[in-house]
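This report concerns only the one structure given below.
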Amino acid sequence: MPLLQIHSSVQTIEKLTLEEIHREGAKILSHELGKSIEYVMVVVNAGSSISFAQDSSKPSAYLEVKNIGELSPAVTAKLSMQLCELISQKLGVETNRIYIEYQEAQRHQWGWNGKTFA
């Protein structure tokens, strides 16, 4: 059930680039979290109004990673490196203008297919 949600101030994203972000983002989460790629969801929101250091003229991004189970410091460090690299390469956002929030969820707090993962 890993979820990667990307909010970017980049106004438009070419279809091919968007598909690459979805595919590569899912692979990163699946690999680093040890979860089946069949359950990974990636959401990309372009054109978000984001300012960083009171500057909205440069591209910025805010990412959310949600997971059932633990997100250890070692895993979040690896994810941060890989996800920042992905967003920088695909969207041209400097890595120092990207924030990533990590959230752990308990199985009963995540629904899918008319039930929860509990």
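Give Lys90/Lys115; Lys35/Lys115; Lys35/Lys78; Lys15/Lys115; Lys27/Lys58 a once-over and call out the pairs whose C-alpha atoms are over 26 Å from each other. Walk me through the numbers on the way to the answer.
Values: Lys90/Lys115 35 Å; Lys35/Lys115 19 Å; Lys35/Lys78 15 Å; Lys15/Lys115 33 Å; Lys27/Lys58 28 Å.
Beyond 26 Å: Lys90/Lys115; Lys15/Lys115; Lys27/Lys58.
So what is the relative contact order of the chain, in percent, for Cα pairs below 8 Å that sit 6 or more residues apart? Walk me through the intermediate numbers first.
Working: 197 pairs, mean separation 36.5, N = 118.
The normalised contact order for the chain reaches 31 percent.
Using only helices, what value at 222 nm comes out for the chain when you add -39,500 (n - 2.57) per DSSP H run of length 4 or more and divide by the total residues, to the nearest 500 deg cm²/dmol? Working shown, then result.
Details: 2 runs with 38 residues, N = 118.
Only helices count here, giving -11000 deg cm²/dmol.
Between helix 73-91 and the chain, what is the angle of the helix's C-alpha long axis to the longest principal axis, kept within 0 to 90° and rounded to the nearest 10?
The angle comes out at about 40 degrees.
Provide the packing ranking of 100-113, 68-81, 27-40, i.e. peptides ordered by the mean count of other C-beta atoms within 10 Å per residue, highest first.
Ranking, from highest mean packing down: 27-40, 68-81, 100-113.
Can you say what percent of the DSSP beta bridges in region 40-118, counting only those with both residues inside, are antiparallel? Round to 5. Please report the intermediate quantities before stating the final value.
On the way: 3 of 11 bridges.
So the antiparallel bridges in region 40-118 amount to around 25 percent.
Bear in mind these aren't lab numbers, they're just calculated from the coordinates by the rules spelled out. Fair warning: this is a prediction, and the values are worked out from it, not measured in the lab. Note that we place each Cβ from the backbone using ideal geometry, even for glycine, and neighbour counts take in every protein chain shown.
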